[in-house]
Amino acid sequence: NEQIEINLNFDLYSSDVVLAKQTFHTNLLPRNYWGGEERMAELLAAFSCPNANYISELVKKASDVMKSAGHESRLDGYQSETRERPYLMAAALWNVISNESIAYVNPPTSFAYSGQRIRLPDDIRNHKTAWKNTIFFRGV
C-alpha cells in the first residue's frame, strides 16, 4: 500500500554468453496513488472509475429519480437525440450525489506537484469524503 523503490535488472544472452546488462531504478506506486505533475500529470484521468460498484448504485438511483419525476428511467444521454434529456440526467445524478452528503477534503498544498492518494468510488462510499470530486463525478 505504499510506494516502493525497485531495480529492474535485464541481461541479454546469446547461448551462455552475456552480451549486455542494464539496470533501471524505478518506483512502484499503489493503485490509488496519483504521482502528480512530476510523474505524468495526465494520468489523473485514469482514476475515473465508471464501472465501480458505487457508481453503478448511484446511476441506478438516478434512473429511479428520473422515473419518479415522470420521465423515462433509461439513462441514454445524447442517444435520445434531444437536448433536454442529458440535462435531465445530469440533474438526476446531481440530486443523487448531493443526497449522499459527500464532504470535500482539502488536499495538501504540494499535491499537484508531488501527488497523493486518490479516494476511489468505493472508498468514497465508505468514508463519505473525497478530495477530488471531479474525478468521482467523471465516473458517474
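The values are calculated or read from the model by the stated rules, or taken from the named source; none is laboratory data. Here the structure is a predicted model, which means the values were calculated and not measured. Cβ atoms come from the backbone with ideal geometry, glycine included; neighbour counts cover every protein chain shown. These area figures cover heavy atoms from the full protein model, side chains too; ligands, DNA and RNA do not enter into them. Shrake-Rupley method; radii C 1.70, N 1.55, O 1.52, S 1.80 Å.
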**Request:** Using a 1.4 Å probe over the heavy atoms of the protein chains, calculate the carbon and sulfur portion of the accessible area of the range 5-96 as a whole percent.
**Result:** 53
**Fill in**
Taking only the alpha carbons of the chain, the radius of gyration and the largest Cα-Cα distance, Dmax, both in angstrom, are 21.7, 75
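Which value, in debye to the nearest 20, gives the size of the charge dipole of the range 25-116 about its Cα centre, when Lys and Arg are +1 and Asp and Glu are -1 at the Cβ? Before the final figure, lay out each step's value.
Details: 8 positive and 10 negative charges, 34 e Å.
About 160 debye.
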**Item:** CD proxy at 222 nm, helix term only [per DSSP H run n ≥ 4: -39500 (n - 2.57); per residue of the chain; nearest 500]
**Value:** -10500 deg cm²/dmol
**Request:** Whole number in Å², please: accessible area per residue of the chain, 1.4 Å probe, ligands, DNA and RNA not counted.
**Result:** 69
**Fill in**
Sorted largest first, the C-alpha extents of the range 23-102 along its principal axes in whole angstrom are 63, 29, 17
**Prompt:** Pick from Asn51, Asn27, Asn95: which is most flexible by mean-square fluctuation in a GNM of the chain where alpha carbon atoms under 10 Å apart are linked?
**Reply:** Asn27
**Item:** Rounded to whole Hz, the Karplus (6.51, -1.76, 1.60) HN-Hα couplings of the range 48-58, x for glycine and proline
**Value:** 6, 10, x, 9, 5, 4, 4, 5, 4, 5, 5
**Message:** If amide hydrogens are placed 1.01 Å from N in the peptide plane, which non-local residues have theirs closer than 5 Å to the one on Thr129?
**Reply:** Ala103
**Message:** Amide H of Gln116 versus every other amide H placed in the peptide plane: which residues, excluding those fewer than 5 positions away on the same chain, fall under 5 Å?
**Reply:** Trp34, Gly36
